[in-house]
1. For the stretch 199-260, what does the equivalent ellipsoid look like in terms of its semi-axes, each the square root of 5 times an eigenvalue of the Cα gyration tensor, given largest first in whole Å?
2. Once the other residues with Cβ under 12 Å from the Cβ of His219 are scored (Lys, Arg +1; Asp, Glu -1), what is the net sum?
3. Once you place label points 7 Å from the Cα toward the Cβ at Met1 and Leu130, how far apart are they in nm?
4. Probe of 1.4 angstrom, ligands and nucleic acids ignored: what's the accessible area per residue over the chain, in square angstrom?
5. Grab the eigenvalues of the alpha-carbon gyration tensor for the stretch 245-296, scale each by 5, take roots, and send me the semi-axes largest first in whole angstrom.
6. How high is the relative contact order of the stretch 197-296? Use alpha-carbon pairs under 8 Å, at least six apart in sequence, and give a whole percent.
7. To the nearest 20 Debye, how big is the dipole of the chain about its Cα centre, given +1 on the beta carbon of each Lys and Arg and -1 on that of each Asp and Glu?
8. By what distance, in whole Å, do the Cα atoms of the stretch 1-80 stretch along each of the three principal axes, largest value first?
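The values are calculated or read from the model by the stated rules, or taken from the named source; none is laboratory data. Computed from a prediction, not measured in an experiment: that's the story for all the values here. Every residue, glycine as well, gets a Cβ built from its backbone with ideal geometry; the counts of neighbours run over all protein chains shown. In case anyone asks, the SASA skips ligands and DNA or RNA and just uses the protein heavy atoms, side chains included. Shrake-Rupley method; radii C 1.70, N 1.55, O 1.52, S 1.80 Å.
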Amino acid sequence: MDHKTFLSQLDTDQRASLTEKRDAPALIHLGLYWSVMIGLGLYIVSGLPMWWILLLPLGIMIAFHFTLLHETVHSTPFKTEILNKITGRISSLIIILPMDWFRYFHLAHHRYTNDPDKDPELKSDKPETLGQYLWHISGLPIWSGNIRKLIKNATRANNDPYVPAKGKDKIRKEARVMLALYTLIIIAALLGNIWIFWCWIVPSLLGQPFLRLYLLAEHGRCPPVANMFENTRTTFTNRIVRFLAWNMPYHIEHHTYPSVPFHKLPALHDLVKEELRVTSNGYVEFNKKYVEGITS
C-alpha cells in the first residue's frame, strides 16, 4: 500500500477527527515550552551557580523553534489563525528564517518530496564524506545560508522557482522588516544589553547542531520515489524529543497527511504504523548508521 491508497481508505469521520484543529493543545504545549525557556534565560542572566551549563539546553530549545515555524506554515498548531501567524513570526525571528519565504520553500518540498529535480531541500547536498557530515551538523552552513538568503531577498528580486509572482513583493518586505529588527537588536546589544549575547546568540550556535542531527533523519538516505511511506522516515524516540519537535518525529505521518495537527499525529501513527517502510529507532541509531555508510 502507498500513502495515496491509505488516504483513500480513511472514512469521513476519521478524516474529520484527524484534521480537527484546536487551540488548547498548542497553547498548553507552547506555554510550557516558553516557560522553560524563560526560566533558563533568567537563571543565566542572573549569573547563578553553573549558569553556563544551561546555555546548551536553552540553545536546543531555541533551535527547535524551527519545528514550530514549520507547523505554523501549515496553519495546523492552532485553530485560531492569528495565533499561527504570531507564533510563526516569533519563531521566524528567533531562528533567522523568513516565514513567508519558508512557506513557499516548504510547500514545494511537500509537493515534490525527495524528487532530485524539484525538491528544493535537495538543492543543498546531503553530506557524503565525514568532513561534509561534520561541517553539516556544525550548523554553520545553515546560518550562512539563512543570512545570505535574507539579505538577497531584501535587496534583489527573488528568483526561486517555487515562489509565485504574487509572493515576491511580500518576501522582499518581510526580509527588509527582519533586517531592520536585527539592526535594532544589534544596537541594543552594543549598548550593553549583554543578555542578547548569552540568551540568544551563544545558545543558538550551541543548539543548532542538535537540530541538524534531527533534521538529517527526516529524509536522509530515503529513496527518490513518490510514495511518502518510502521517501520519508519516522523516527521512534522519547517524549522529550517529541515535545521539542512538536511530534514531527512522526514524519511519514506528517508527509502522508500534512493537514493533521501535531497533537493528532500519534493517532494517525496508530492507523498507519503497519505500512511504514522507513523507520529508525532513535536519532543516535540513525546518525551512527549514516556515518558508517559514508566511512565504510
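1. 25, 14, 10
2. Net of charged neighbours comes to -2.
3. Placing both labels 7 Å along Cα→Cβ, they lie 4.3 nm apart.
4. It amounts to 50 Å² per residue over the chain.
5. 26, 12, 9
6. Details: 98 pairs, mean separation 28.8, N = 100.
For the stretch 197-296, the relative contact order is 29 percent.
7. 900
8. Principal extents (largest minus smallest coordinate, Cα): 57, 27, 18 Å.
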